[in-house]
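Asker: The following block contains the structure, expressed as structure tokens.
The values are calculated or read from the model by the stated rules, or taken from the named source; none is laboratory data. Only a predicted model underlies this, so the values are computations on that prediction, with no experimental measurement involved. Cβ sites come from the backbone with ideal geometry, for glycine too, and all protein chains shown count toward neighbours.
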Amino acid sequence: MSIYEMFKMQHCYRDVLPVFLADFKKDFDCDDIEDTLRTILKKKKVDDIMNEAHPWQIYRLFWTLRDQRKEVVEKFVEEVLKDSHGPNYGFLLSAIQKECIEPSLNTENYISKVDRLYNDNQKFTKYNVPRIKPYLQLQEALLDLRPSKNVLVEGNLGAGKQWLVLDVCSSYIVQRKMDFNIFWLDVRACCSPESRLEALQSFLYIIDHTQQKNCNRSEVQSRTDWVKSQLTDKLKSKPYKNCLLVLRNVQNKETWEAFNLGCKILLTTRHKNVVNFLSTITTTHITLEDVLTPHEIESLFSKFLSENQHKSLKKLTLTLTKTNPLLLTSIAESIRDGHCTIDNWEQKSSEKLNSIIETTLNVLNPNDKQLFKDLFIFPDCAHIPLYLLGVVWSVNDPITVVNKLYKYCLVKKHVDNQNRVTITLPSIYSELNTHIMNEEVLHKKIIEYYKISQVFDEYNGLLLPNLDSYFYKYIDHHISKLKNNIERETLFRKVFLDFRFLDQKIRNDSTPWDARGSVLHTLQALKLYTTHIIDRKSSDYNANNNGVDYCWLVNALLDFLLNAEEKLIRSEFSCLLQIALMTEDGVIYDEAYRQVQRFPSYVWFTERGRFNQHRQIINLGKDQTYHWKGI
């Protein structure tokens, strides 16, 4: 482009380029210009683009260019699209340049509307991370939308609903579909008739500046009806017949009803009463998971961190177990501001994030808020059964409390194939710094519910009764919170040195791929709580002249369980105590032999030998005898 033509340009390439996304999707192939693209963009950026399939490649390219300086986008248009670089993309170059010099009315409208949209939403603009799958899902729903129909985006706190809506609403194809009329309203504070009336009058004033914004509180309902009537009529008129009304943070169905004005509506919420109120006949429901992919996490952190920190990003994204966008943003901000580093961020908490979470709990009354905070005695990600909630909360009908919390998306409900209800806490709430009143008392309630001493000491069967999956997975967490050392260590020994418990714990735990049966969690628990098992000098077993060396026993268990995992899991009829009894001489055999004395009605096998193998059948009846069988 000549200097004269550049002087005549009314808009820069970066502003106009989004108008041509559809043309690039139709006629452009990133593979054709990969080499020249690498001359203007960093290797990592180009690799990310090239790793996508078409047309996702094009979206990734445009999002990357959107974040670049004007000079970089200028090089892309004038150098990468030149005819001399192989394929003939000169027609795209000419069209883009022409639109920069003589922009059409649509282009002018698009640029002005998007500028206003970004300017009014600074909080969600700078660090926005595009998420291609939900982006395309929402874009398709909006393109199919017609008046008196709705699209609802639901998700937990911090899922990135505003990011997604801003991304899609700033696309040229959606803007054009709405005749470049997208009204963006935050209705978080609309929790009373007066506040809803005030918001409606503000919206009316945006459309018609001749209207007054006063709110006569003595006539709230009649005034609300009149304003709604005015808005409905104006939104049916030709300038606004295809407009889109975006309602952010809808808190209740009353707010939805107040703004149900007969136009196209896109709303975001995390409140289940709103989600359940809107029928799927009139509303397209889109659930946004609070999960970023490793690539999206890396993209987010790169917006906050300096270039010399980017080398550590790969390590960070591989080790991060947290995926909530709001939480990740908080971590990235803390690293950027020097409150923590990439290596120690887990030891730091964010006051800002804590304040946001506390604010979301204000929808609860003080009693329900305390009941919610009592849930923090449970391990992160634990599926908490209803009956344990009744125990902890001391209520007869825990589902009533659960439904209150679920209404505000403070918990997730799960129903298994036997219609048993459990709940989990959304991951973002685990970051809340909160003091739990009588925490040890609550842990003791759970321990006492399972009657551990009675079950383990008095029952002489191989399958311990009245113990559920939650017990096998998480009882160690609750025992570890006891302050009395003797009580804590006694319970750990009673539970974690019992082969019946270890057998069922391994069977109840899952692999990282959700396959049933894994020794990994059991080994981790034994290592984590070893000191609780071996520290006390005097033991219950020593009192009975058993002389157990717990240090040797725990270390031997770690090796034994790792080797016994396959034998145990491959058959539902295998028995860990029997497997332990068939080991060679050592503390595992001694402990197993001690434990089988409690089961005189069972036949047990031991296997010994040097040059010749022999199998010993132990009869534990009144007259103990040994039967040898050569093998």
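Asker: List pairs: first in the range 94-112 and within 11 Å of ARG176 (Cα to Cα), second hydroxyl-bearing (Ser, Thr, Tyr) and in a helix (DSSP H, G or I), Cβ under 8 Å, 6+ apart or cross-chain?
Answerer: So the pair list comes out as TYR110/TYR172.
Asker: Which one of these does THR210 not meet: (1) assigned to a loop (DSSP other than H, G, I, E, B); (2) among the β-branched types (Val, Ile, Thr); (3) within 29 Å of PHE62 (Cβ to Cβ)?
Answerer: Among (1) assigned to a loop (DSSP other than H, G, I, E, B); (2) among the β-branched types (Val, Ile, Thr); (3) within 29 Å of PHE62 (Cβ to Cβ), the lone unmet condition for THR210 is (3).
Asker: Related question: Go through (1) in a loop (DSSP other than H, G, I, E, B); (2) surrounded by 17 or more Cβ atoms within 10 Å (Cβ to Cβ); (3) not small (Gly, Ala, Ser) one by one and return the number of the condition LEU61 breaks.
Answerer: Condition not satisfied by LEU61: (1).
Asker: I'd like the full set of residues that are more than 36 Å from the chain's Cα centre (by Cα) and in a helix (DSSP H, G or I), limited to the range 561-575.
Answerer: Listed by number, the list is empty, since nothing qualifies.
Asker: Any residue in the range 191-203 that is in contact with a strand residue (DSSP E or B) (Cβ under 6 Å, 6 or more places away or on another chain) and in contact (Cβ under 8 Å) with a residue 60 or more places away in the chain?
Answerer: no
Asker: Look through THR434, THR490 and report the one residue that is outside any helix (DSSP H, G or I), of a type outside the set (Lys, Arg) and either in contact (Cβ under 8 Å) with a residue 24 or more places away in the chain or touching a Leu at 6+ places or on another chain (Cβ under 7 Å) (or both). Quick ask: steps written out before the conclusion?
Answerer: Working: THR490 fails: outside any helix (DSSP H, G or I).
The conditions single out THR434.
Asker: Still on this model: Going through the range 364-386 one residue at a time, which ones are assigned to a helix (DSSP H, G or I), in contact (Cβ under 8 Å) with a residue 60 or more places away in the chain and not basic (Lys, Arg)? If you could, list the steps in order and put the result at the bottom.
Answerer: Applying the first criterion (assigned to a helix (DSSP H, G or I)) to the range 364-386 yields 366-377, 386.
Filter again for in contact (Cβ under 8 Å) with a residue 60 or more places away in the chain, leaving 370, 373-374, 376-377.
Across the range 364-386, the qualifying residues are GLN370, ASP374, PHE376, ILE377.
Asker: With respect to THR323, is the statement that it is over 30 Å from VAL391 (Cβ atoms), more than 18 Å from the chain's Cα centre (by Cα) and part of a loop (DSSP other than H, G, I, E, B) true? Write out each step before concluding.
Answerer: Values: over 30 Å from VAL391 (Cβ atoms): yes; more than 18 Å from the chain's Cα centre (by Cα): no; part of a loop (DSSP other than H, G, I, E, B): yes.
The answer is no for THR323.
Asker: Just the residues that are surrounded by 12 or more Cβ atoms within 10 Å (Cβ to Cβ) and assigned to a loop (DSSP other than H, G, I, E, B), please, taken from the range 339-356.
Answerer: Passing the criteria: HIS339, CYS340, THR341, ILE342, LYS348, SER349, SER350.
Asker: So for the range 376-391 (the condition being closer than 29 Å to SER330 by Cβ, at pLDDT 95 or above and of a type in the set (Asp, Glu)), does at least one residue qualify?
Answerer: Among the residues of the range 376-391, not one is closer than 29 Å to SER330 by Cβ, at pLDDT 95 or above and of a type in the set (Asp, Glu), which makes the answer no.
Asker: Follow-up. Return the residue satisfying two criteria in turn: it lies in the range 437-457 and is modelled with pLDDT of 95 or more and part of a loop (DSSP other than H, G, I, E, B), and of such residues it is surrounded by the most Cβ atoms within 10 Å (Cβ to Cβ).
Answerer: TYR450
Asker: For the range 311-331, name all the residues that are without any contact (Cβ under 8 Å) to a residue 40 or more places away in the chain and more than 11 Å from LEU353 (Cβ to Cβ).
Answerer: LYS311, SER312, LEU313, LYS314, LYS315, LEU316, THR317, LEU318, THR319, LEU320, THR321
Asker: Of the numbered conditions (1) modelled with pLDDT under 95; (2) not assigned by TED's automatic domain parsing to the domain that holds GLN10, VAL165 satisfies every one except a single condition; which is it?
Answerer: Of the numbered conditions (1) modelled with pLDDT under 95; (2) not assigned by TED's automatic domain parsing to the domain that holds GLN10, the odd one out for VAL165 is (1).
Asker: May I pose another question? When the residues of the range 357-391 are narrowed to those that are of a type in the set (Ser, Thr, Tyr) and under 20 Å from the mean Cα position of the chain (by Cα), which ends up surrounded by the fewest Cβ atoms within 10 Å (Cβ to Cβ)? It would help to see each step written out before you state the result.
Answerer: If we filter the range 357-391 for residues that are of a type in the set (Ser, Thr, Tyr), which is where we start, we get 359-360, 387.
Then keep just the ones that are under 20 Å from the mean Cα position of the chain (by Cα); that gives 359-360.
Values: THR359: 10, THR360: 17.
So the residue we want is THR359.
Asker: Let me ask another. Somewhere in the range 83-104, is a residue within 33 Å of the chain's Cα centre (by Cα), in a helix (DSSP H, G or I), modelled with pLDDT under 95 and surrounded by fewer than 19 Cβ atoms within 10 Å (Cβ to Cβ)?
Answerer: no
Asker: Scanning for something within 18 Å of GLY155 (Cβ to Cβ) and of a type outside the set (Val, Ile, Thr), does the range 432-445 turn up at least one residue?
Answerer: Going through the range 432-445, the residues within 18 Å of GLY155 (Cβ to Cβ) turn out to be none.
Looking through the range 432-445, none of the residues is within 18 Å of GLY155 (Cβ to Cβ) and of a type outside the set (Val, Ile, Thr).
Asker: Which members of the range 414-434 meet the condition of being in contact with a strand residue (DSSP E or B) (Cβ under 6 Å, 6 or more places away or on another chain), at pLDDT below 95 and within 23 Å of ASN362 (Cα to Cα)?
Answerer: Those that are in contact with a strand residue (DSSP E or B) (Cβ under 6 Å, 6 or more places away or on another chain), at pLDDT below 95 and within 23 Å of ASN362 (Cα to Cα): none in the range 414-434.
Asker: Let me confirm something: among ARG223, ARG176, which residue is in a helix (DSSP H, G or I), at pLDDT below 95 and in contact with a helix residue (DSSP H, G or I) (Cβ under 9 Å, 6 or more places away or on another chain)?
Answerer: Of the residues listed, the single one that is in a helix (DSSP H, G or I), at pLDDT below 95 and in contact with a helix residue (DSSP H, G or I) (Cβ under 9 Å, 6 or more places away or on another chain) is ARG223.
Asker: Go through (1) in contact with a strand residue (DSSP E or B) (Cβ under 9 Å, 6 or more places away or on another chain); (2) surrounded by 20 or more Cβ atoms within 10 Å (Cβ to Cβ) one by one and return the number of the condition LYS177 breaks.
Answerer: Answer for LYS177: the failing condition is (2).
Asker: When VAL402 is evaluated against the numbered criteria (1) in the same structural domain as LEU300 (by TED's automatic domain parsing); (2) buried (at least 17 other Cβ atoms within 10 Å of the Cβ), which criterion, by number, is the only one it fails?
Answerer: Against the list (1) in the same structural domain as LEU300 (by TED's automatic domain parsing); (2) buried (at least 17 other Cβ atoms within 10 Å of the Cβ), VAL402 comes up short only on (1).
Asker: Then there's this: Somewhere in the range 517-535, is a residue touching a Ser or Thr at 6+ places or on another chain (Cβ under 8 Å), in a loop (DSSP other than H, G, I, E, B), under 21 Å from GLN578 (Cα atoms) and modelled with pLDDT of 80 or more?
Answerer: Checking the range 517-535: at least one residue is touching a Ser or Thr at 6+ places or on another chain (Cβ under 8 Å), in a loop (DSSP other than H, G, I, E, B), under 21 Å from GLN578 (Cα atoms) and modelled with pLDDT of 80 or more.
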